[in-house]
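The values are calculated or read from the model by the stated rules, or taken from the named source; none is laboratory data. Small disclaimer: the values here were computed from a predicted structure and weren't measured. Methodologically, a virtual Cβ is constructed for each residue, glycine included, from the backbone with ideal geometry; neighbour enumeration extends over all protein chains shown. These accessible areas exclude ligands, DNA and RNA; they are computed on the full protein's heavy atoms, side chains included. Shrake-Rupley method; radii C 1.70, N 1.55, O 1.52, S 1.80 Å.
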Amino acid sequence: MTPADLKRELRGVISFAITPFDQNHDLDLEGLGRNIAVMAGSGVHLIAVTGAVGEFYALTFEEYQAVIRTSLEAAAGRVPVLVGIGHSTRIACDLARYAEAHGAAGLLVNPLYFAAPGTEGFYQHHRALAQASSLGQVVFSTRGHPFDAESLARLADIDNVVALKDELGDLGLFLGAVERLGDRIAWINGMAEPYTASYFAAGATSFTTGMANFAPEIPLAIYRAAAAGEYDRCRQLVSDQVSGIAQLRKRRPGYHTSVIKEAMDELGLAAGPCRLPLTPLAPEDRRELRQLLTSLQLAA
């Protein structure tokens with residue numbers, strides 16, 4: 001898929017897949033394949049693997065490659081698959097080449113951790129990735145590494161850079177970038193379901209979700225409402241079906257991923273524990289999660 005093709009595909013629900021482990025914290029590739037196969041047939045528009053909820057930072061290089069390979073085989077071309085690549089530039093370039101060789105649709109360039117380069121460093125990072133792989137790139141804006149309109153405009157001069165995933169939550173900054181760049185790139189709400197109405201009103205055409213791992217019908221309904229401009233309905237769906245789990249995911253550090261994985265375990269899906277340094281839910285939070293799943297009629 002060319003960068004231009006990827007840009008056109010970035011409309012709808014982008015499901016961020018977890019990486020399942022067994023009870024010994026070893027990689028569960030069979031479970032991963034089942035999850036991706038089901039997700040690819042669920043109606044979501046794109047799948048992203050080895051992102052933050054996929055615990056990319058906890059994988060060895062060989063495991064990283066195995067997750068990429070297994071996911072692409074299981075998706076079998078039914079939906080585009082974005083591959084999250086992280087770490088230093090050299091490692092990211094190696095992973096980008098591997099992802100392209102195995103049929104990835106594009107690259108989600110995960111935020112760097114510990115290293116904090118300036119604008120020039122980020123530009124050179126994305127430029128090196130463009131030299132290593134012809135795949136389209138999604139820039140990831142976070143609290144630790146925000147991109148303003150000026151720095152994003154420079155990145156967009158790289159032909160491979162085709163989208164921004166905004167996980168910063170600063171709508172003023174986002175609007176300024178949209179006004180500056182317009183349709184030069186695609187705009188992704190990286191704040192998940194609760195912010196969909198606001199981001200779509202500001203110009204986003206897709207949003208990321210972890211809930212699609214176990215309840216894809218919920219984000220799909222929210223997308224349909226947002227895409228139709230039915231923002232009141234969109235907010236009501238979030239209030240009725242998402243807010244409880246979203247609040248639980250914010251309650252303690254690490255819960256962003258562990259709540260999704262434990263919900264999947266409760267529903268009999270392949271997930272297993274998070275790898276350290278992430279830890280399981282507290283007993284009282286696990287009880288609350290079960291109640292939420294029951295109220296959503298996902299569990300008995």
Alpha carbon centre of the stretch 124-166 versus the stretch 94-115: separation in Å? 12
The stretch 136-179: which trypsin sites (Lys or Arg not before Pro) are DSSP loop and have at most 13 other beta-carbon atoms within 10 angstrom? Arg143
For the chain, dividing by residue count, accessible area per residue (probe 1.4 Å) in Å² works out to 42
Read phi for every residue in the stretch 98-107 and hand back ³J(HN,Hα) as whole Hz from Karplus 6.51 cos²θ - 1.76 cosθ + 1.60, θ = phi - 60°, with x for Gly and Pro. 5, 4, 5, 5, 9, x, 4, 7, x, 10
Leaving out ligands, DNA and RNA, and with a 1.4 Å probe, what % of the accessible surface on the stretch 148-230 is carbon or sulfur? 45
Counting only protein heavy atoms with a 1.4 Å probe and every protein chain in place, the carbon and sulfur fraction of the accessible surface of the stretch 15-145 in whole percent equals 53
Could you pull out every residue, at least 5 positions away or on a different chain, whose amide H is within less than 5 Å of the one on Ala186? Hs are placed 1.01 Å off N in the peptide plane, and Pro or chain starts have none. Ala163, Leu164
Based solely on C-alpha atoms, express the radius of gyration and the Dmax of the stretch 98-220 in angstrom. 14.5, 41
Name the most mobile residue of Ser141, Ser243, Ser258, meaning the one with the largest mean-square fluctuation, in a Gaussian network model of the chain with Cα contacts below 10 Å. Ser243
GNM on the chain, C-alpha springs below 10 Å: top fluctuator among Pro111, Pro219, Pro283? Pro283
Checked against the positive end of the charge dipole of the stretch 7-60 (+1 on Cβ of Lys and Arg, -1 on Cβ of Asp and Glu, about the Cα centre), the farthest of Gly31, Ala58, His45 is His45
Sites excluded, chymotrypsin sites (Phe, Trp or Tyr not before Pro) in DSSP loops with at most 13 other C-beta within 10 Å, longest stretch of the chain: 115-300
Among the GluC sites (Glu not before Pro) in the stretch 2-93, which ones are in a DSSP loop with at most 16 other Cβ atoms within 10 Å of the Cβ? Mind listing them? none
Would you look at the GNM of the chain, springs on alpha carbons closer than 10 Å, and say which of Ala263, Ala197, Ala66 moves the most? Ala66
